[in-house]
Protein chains: 2
Amino acid sequence: MEILDRKYRILQAIIDDYILTALPVGSRTISRKYEQKLSSATIRNEMSDLEDLGYLDSPHTSAGRIPSNKAYRLYVDQMLQPIPLSLEDVAYIRSCFDQRSRQIEQISTRLARALSGVTHYTAAVMTRMPREEQIFSHMQLVPVADRRVILILVTESGAVTQMPVELDAAIDPDVLYTVSKFLSQRLAGCAMSRLHQALLEIAEGEPEEMSKLLKTLAAQDDDNMDTGSLVVGGRSNLLSFPEYSDVEKARNLLSVLETKDKLVSLLNTHGEMEITVRIGPETGMEELKDCSVVTASYRMRDGRVNTIGLIGPTRMQYGRVLSVLNQVGRSIYELFDSQDDEQK
Amino acid sequence: MEILDRKYRILQAIIDDYILTALPVGSRTISRKYEQKLSSATIRNEMSDLEDLGYLDSPHTSAGRIPSNKAYRLYVDQMLQPIPLSLEDVAYIRSCFDQRSRQIEQISTRLARALSGVTHYTAAVMTRMPREEQIFSHMQLVPVADRRVILILVTESGAVTQMPVELDAAIDPDVLYTVSKFLSQRLAGCAMSRLHQALLEIAEGEPEEMSKLLKTLAAQDDDNMDTGSLVVGGRSNLLSFPEYSDVEKARNLLSVLETKDKLVSLLNTHGEMEITVRIGPETGMEELKDCSVVTASYRMRDGRVNTIGLIGPTRMQYGRVLSVLNQVGRSIYELFDSQDDEQK
DNA sequence: TGTTAGCACTCAGGTCAAACGAGTGCTAAC
DNA sequence: GTTAGCACTCGTTTGACCTGAGTGCTAACA
């Protein structure tokens, strides 16, 4: 058991050192820097065992060892110690949720910048509105031009969606207002996902002209409803890691970051609200086979779900990244509290 | 005079070749590939002259010559031949202005992707609404929560801006509608830049409660009015050019592309509606000293100004880039025409 | 039995000189 | 004015060599 413990410590030391230096770690390094009681020969034996167990790889005979993905997995699952953030970092993260800027897009941009600045990795921030869980509160049609209006939908949690609608015929603003009021009453409490259906049902019993308008509205909403935003910050950070000094690799990675679909699928960790760490192949993407992705989701008070992803080399400073994401969570809840105060 | 003409042709050949290969061009290459009537020795003499004139640089004695920025300038100003685009490219560009997607953000994203895809450079697309030239048409206040409303402004050219406003007290939706109608009438024809002022003036003569509301509105609009969007596509393209095989250089460049301010200042070519080419130091940015930036602005029918920037190495395929940007212009005008049709 | 010292061995990376070759500039002849 | 020829330059490639960090194994030690 004692041996097991020692192996464990040695493995941890190797991972720590490799995360720091990105250089294969030799037995002497460990014996000098981490386990001074043991000679390099002993470490060597242990390292050999660890390699047999699949926790270490050796790039070639006369280099040191580097941690395998399996080792990182163990590290993340069991060896992680919380790393306290500096006050500056905390302040920086907090500042993203400043009261003044309510625009989501703006918060996301700031958050992405802050996260990439604090961690030196690349940050992706996705905001989406899970429609299924939203409840319709009211709507309004705002005239823009003769036959063009803007449809505004407000949910019970206070989220607002706008979309342009092209009408078949011009409609008087006052009529639009009346219709808006009418529909708001009729649809109140309806699940956003049923809206389409509900509109068509209402259209049934109405006179020709009205029915036509409702059908137009019902037809519209489906496509444009999707108001997710996706912001990426700190792309250039990746280039400062030695693992991407090979331009071709860097290019591949960057091009993933430019493909919205891939990025979205990376951030969609199926609704779990916790922090997820995916190492190398666990990302399920060939291009990211030597990257790790840490994602975290936060539910905002208006029902929006914010997903943050931090992308870096597999030898990521997991401890620090997790601390940062926890701090983000804390800041979000602080924001809620202060808003509640405000409402009183 | 004939000599002059020959020098000119040789210079052009050198630039063409260098743009193609990124390799210093030697006298033999020119004599074989471009000027078969002349021996390499003759070319050599001419090249020597061209170097004296400042059009060519030699990296070292035994390499060929590379064009100087002065040469690129001459090339862009006088040597450019229009390069016809393939039908695929034209179709691709056209597809960005597809009728169905009116959302600006979406058009910009698609355009950025198309441009970077077609040219293999990096594309930045900025959309802004020059407020000074916009005329107010009407507005509407849409209730969201008790004390939260959305202010929607519509201009005569049909552009729509929305912004959230926090009120001091709850106001009945019907009252909001009446106020909206009232203000729309009073403010009709007002320059958007005067809106703030005009609101305050109206507030003067009104009863306490109304005056308060108007002042809140006036206070709000200034900050949030700025609805420019900025999208960048094809960042990873840059990494495929040999000039950026040095990761440090690439990183610098990428980080410029992540700094919104720098990007905006790069795209702001002071309202000229034509295509602008800036070569190396002409960009006014140290980080871009061996990049060229081609920008073009297009005024959209709703008053928005769209600015496109293509960023690549100084040995850019200027001819092709200009053809692409011209095609974009053409597509935009086609879009207008088809919209006019539709309106009939 | 676990630990350690010692030693032979491996192998990437750096250094150095030589060979190579693409290119130039100059000169002399056409 | 053009061109062939030639000496010269200089970055790049090649290969031999050395170095040093690291390993695995063995034998001795506690």
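The values are calculated or read from the model by the stated rules, or taken from the named source; none is laboratory data. As the structure is a computational prediction, the values presented were derived from the model and not from experiment. Please note: Cβ atoms are built from the backbone with ideal geometry, for glycine as well, and neighbour counts cover all protein chains shown. These accessible areas exclude ligands, DNA and RNA; they are computed on the full protein's heavy atoms, side chains included. Shrake-Rupley method; radii C 1.70, N 1.55, O 1.52, S 1.80 Å.
Return one number: the angle in degrees, 0 to 90 and rounded to the nearest 10, between the long axis of the Cα atoms of helix A:104-119 and the longest principal axis of the Cα atoms of chain A.
The helix A:104-119 is inclined about 0 degrees to chain A.
To the nearest 0.05, how large is the calculated FRET efficiency for A:Leu4 and A:Ala63 if R₀ is 25 Å and r is the Cβ-Cβ distance?
0.40
What number, in percent, do you get for the relative contact order of the range A:18-154 if the mean sequence gap of Cα pairs under 8 Å and at least 6 apart is divided by its residue count?
Over the range A:18-154, the number comes to 12 percent.
Quote the convex hull volume per residue of chain A, based on C-alpha atoms, as a whole number of Å³.
Numbers: hull volume 61.8 nm³, N = 344.
Spread over its residues, the Cα hull of chain A gives 180 Å³ apiece.
Roughly speaking, to the nearest percent, how much of the range B:132-224's 1.4 Å accessible area is carbon and sulfur?
C and S atoms contribute 48 percent here.
Counting Lys and Arg as +1 and Asp and Glu as -1, each charge on the Cβ, what is the dipole of the protein assembly as shown about the Cα centre in debye, to the nearest 20? Show your work: numbers first, answer last.
On the way: 78 positive and 98 negative charges, 467 e Å.
In debye, rounded to 20, the protein assembly as shown gives about 2240.
How many square angstrom of accessible surface are buried between A and B, both sides summed, with a 1.4 Å probe and rounding to 100?
Result for this pair: about 3500 Å² buried.
Any chance you could look up the accessible area of A:Met129 with a 1.4 Å probe, heavy atoms only, rounded to 10 Å²?
Counting only protein heavy atoms, A:Met129 exposes about 50 Å² to solvent.
Evaluate the relative contact order of chain A (contact order divided by residue number), counting alpha-carbon pairs under 8 angstrom at least 6 apart; express in whole percent.
19
Could you work out the relative contact order of the range A:132-224, using alpha carbon pairs under 8 angstrom and six or more residues apart, expressed as a whole percent?
29
Between the label point of A:His120 and that of the same position in each other copy, find the distances and list them shortest first in nm, with every label point placed 7 Å from Cα along the Cα-to-C-beta direction.
3.4
Report, to the nearest 10°, how far helix A:2-21 tilts away from the longest principal axis of the Cα atoms in chain A, using its own Cα long axis and a range of 0 to 90°.
Tilt relative to chain A: about 70 degrees.
Helix A:208-224: angle to the longest alpha-carbon principal axis of chain A, degrees 0 to 90, nearest 10?
Tilt relative to chain A: about 10 degrees.
Could you list, in their original order, any pairs among B:Lys7/B:Lys37; B:Lys70/B:Lys262; A:Lys262/A:Lys289; B:Lys181/B:Lys212; A:Lys33/A:Lys289; A:Lys181/B:Lys181 whose Cα atoms are separated by more than 19 Å?
Details: B:Lys7/B:Lys37 14 Å; B:Lys70/B:Lys262 25 Å; A:Lys262/A:Lys289 14 Å; B:Lys181/B:Lys212 17 Å; A:Lys33/A:Lys289 30 Å; A:Lys181/B:Lys181 16 Å.
Distance filter (> 19 Å) returns B:Lys70/B:Lys262; A:Lys33/A:Lys289.
A:Arg147 label points, 7 Å along Cα→Cβ, one per copy: pairwise distances from this copy to the rest in nm, shortest first?
Label-point separations across copies, in nm and ascending: 4.4.
Kirkwood Rh, the protein assembly as shown, all Cα pairs: how many Å?
Radius from the Kirkwood sum: 29.2 Å.
How big is the range A:2-79 by Rg and Dmax over its Cα atoms, in Å?
11.1, 30
Rounded to the nearest 500 deg cm²/dmol, what is the calculated helix-only ellipticity per residue at 222 nm for the protein assembly as shown, with -39500 (n - 2.57) per DSSP H run of length n ≥ 4? It would help to have the intermediate numbers written out before the result.
Working: 26 runs with 324 residues, N = 688.
When only DSSP H runs of four or more count, the value is -15000 deg cm²/dmol.
Compute the distance in nm between two label points, each set 7 Å from the Cα along the Cα-to-Cβ direction, one at A:Arg299 and one at A:Arg186.
Once both label points are built, they end up 3.2 nm from each other.
Using a 7 Å offset from Cα along the direction of the beta-carbon, what are the separations from A:Ala219 to the same position in each other copy, nm, ascending?
So the label point of A:Ala219 gives 4.5 nm to the other copies.
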